[in-house]
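See structure below.
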Amino acid sequence: MAEYRYLIIGGGMTADAACRGIRDHDADGSIGLFSEEAHEPYARPPLSKALWKSKEESSIWRGTPGLGVEVHTSRAITALDLDARTATDAAGETHAWQTLMLATGGTPRRVDAWDDGVVYFRTLDHFRRLRELAGDGVRVAVIGGGFIGSEIAAALVTNGCAVSIVFPEEGIGARLFPGALARFVNGYYREQGVDVLAGESVAAVSRDGEAFRVVTDGGREIECDAVVAGLGIVPRTELAEAAGLAVADGVLVDELGRVDGREDVFAAGDVARFPVAALGGTRRVEHEDHANSHGRAVGANMAGAGEPYSHLPFFYSDLFDLGYEAVGDLDPSLEILEEWAEPNRKGVVCYAEAGVPRGFLLWDVWGKVDAATGLVRAGEPVDESGLRALLD
Ligand SMILES: Cc1cc2nc3c(=O)[nH]c(=O)nc-3n(C[C@H](O)[C@H](O)[C@H](O)COP(=O)(O)OP(=O)(O)OC[C@H]3O[C@@H](n4cnc5c(N)ncnc54)[C@H](O)[C@@H]3O)c2cc1C
C-alpha cells in the first residue's frame, strides 16, 4: 500500500492549485493525486471559450506532474476510512495518507427522463465530442441560459452551427443580471443568429436514430443533431457524506479549509462551503478564481501555513463580444444601482442592501475588480459618484 504525505481526491483546477500551495511550503513531501477523469488537471474555462476560437487544446494543461506529484488518472476514489487514514479506489486498491484533500468539484445536474445522448457539458471529453460534431449547418439545441448554455451557444453559432437556446427565465443570465440587461442579451443573441426561446421549459428530449427532438412546455418542437445542457452542477459530496463528514450543499470547511475541525482532512474549490467574512455567512463558489485561490490557500494550510482564507473571489464570462467581470453576490432580487457609460454596453451594476454593496457586475469594464472588492469589503453605502469612479 502506497502512503502519501498528502493525498488529493480530484483532478480539476482546485487539485492542481492545492499541489502548488503544498509545494510553496513543502518542497518534497509526497503528493498523490487521484482523478476520475482520464486526463491530468486542465483549465475548464477554455472549453466553452478560447478552444472554439484560435487557442490550441495543448494550452489547457496545468503541468501538475511537473510539481513532483504522482498523478493517477482514471482512478476514482470510492471510499474513505478516516480512522485508518486510507482511501480506496475503484480498482479496490487502498492508499494511505497523512493529510487528505477533497477537491471533487461538481457534476452536471441531469434529467433522467431525457434521452441519454444529451451532452451535459463540463469536461474535455465533452468538448472533444462537441467540437467534432460542430460545423456549418449542424443544428444544436442548447438547454439552459446560465454560464454554460450562453457560452456554448455563442461558441457553436460562431462555428457555423444553427443554434436554439431554451431556458425558463426571461433572459440569458437572468439569475445574475437585472431584468432589462438579461432581455437585452436575448436581443443581442438573436442579432448573432441564435434562436432564443426565453421563458420556455423543456418538457421532453427524445431521439430517433441520429436526430433529436426537444419539446418545450410552450409547445415548441426543435429538431436537431445534438443537444447540450447546462443546468448547473451538484457538488460531489458523496465520499464526505459516506465518511460521516459535515455536508450541507457542499462539504463544510472552516477558514483554513479544514473539514469538521479535523487537522488532517481538508476540502476546497467547487465542492467546499466556506465562511466569507466580507459578506457574512458561508458560500459555495463555482468559479475559476476561487478554484485557484482557495485550492492554493488550503493546499498551503495542509502543509502547515495556518493562513485563514479571506479572498473574495471574482468571476467573468464572455458572450460573443460582450464580456464582464464580477465580484460578490450577484442577486437581482437585491437593490440594483446602475451607472452606464453606454446603456447595456458598458457600465457598472451594484447589488446592494440598504445602499451597502454586496456585489458588482463590471460590464465591459476592466481592471476594476480590486476597487469593486474594496467597496464590498468597506461595507459603506455607495452613491452615484462611487459607481462612476469605477467607470473612469
Ligand atoms: C465549460 C466551463 C467553463 C467555465 N468557465 C468559467 C469562466 O469563464 N469563469 C469562471 O470563473 N469559472 C468558469 N468555470 C468554472 C470553473 O472552471 C470551476 O469553478 C472550476 O473548474 C472548479 O474546479 P474544481 O477542481 O473545484 O472542480 P472540478 O472542475 O469539478 O474538478 C473536480 C475533479 O474531481 C474529479 N472527481 C470527482 N470525484 C472524484 C472521486 N471520487 N475520485 C477521483 N476524482 C474525482 C472529477 O472527475 C474532476 O476531475 C467554467 C466551468 C466549465 C465547465
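Brief remarks follow.
- Within the option set Gly347, Gly355, Gly328, being away from the ligand (no atom under 16 Å from the Cβ), outside the structural domain of Ala96 (by TED's automatic domain parsing) and closer than 30 Å to Tyr189 by Cβ holds for one residue only, Gly347.
- Within the option set Ala79, Ala84, being surrounded by fewer than 17 Cβ atoms within 10 Å (Cβ to Cβ), at pLDDT 95 or above and in contact with a Ser or Thr (Cβ under 6 Å, 6 or more places away or on another chain) holds for one residue only, Ala79.
- Members of the stretch 210-256 that are among the small types (Gly, Ala, Ser), in contact (Cβ under 8 Å) with a residue 60 or more places away in the chain and in contact with a helix residue (DSSP H, G or I) (Cβ under 7 Å, 6 or more places away or on another chain): Ala226, Gly230
- Qualifying residue in the stretch 193-204 (condition: in contact with a Pro (Cβ under 9 Å, 6 or more places away or on another chain) and within 16 Å of the ligand (Cβ to nearest atom)): no
- Looking only at residues of the stretch 79-135 that are among the small types (Gly, Ala, Ser) and within 24 Å of Ala162 (Cα to Cα), we find that the one that is farthest from the chain's Cα centre (by Cα) is Gly135.
- Looking across Leu82, Leu33, one residue alone is away from the ligand (no atom under 12 Å from the Cβ) and either of a type in the set (A, V, I, L, M) or in contact with a helix residue (DSSP H, G or I) (Cβ under 6 Å, 6 or more places away or on another chain) (or both). It is Leu82.
- In the set Ala38, Ala18, only one residue is part of a helix (DSSP H, G or I) and within 14 Å of the ligand (Cβ to nearest atom); that residue is Ala18.
- For Ser385: the one exception among (1) surrounded by fewer than 14 Cβ atoms within 10 Å (Cβ to Cβ); (2) among the polar types (S, T, N, Q); (3) in contact (Cβ under 8 Å) with a residue 12 or more places away in the chain: (3)
The values are calculated or read from the model by the stated rules, or taken from the named source; none is laboratory data. Owing to the predicted nature of the structure, the values given are computational and were not obtained by experimental measurement. Positions of Cβ are backbone-derived with ideal geometry, glycine not excepted, and every protein chain shown enters the neighbour counts.
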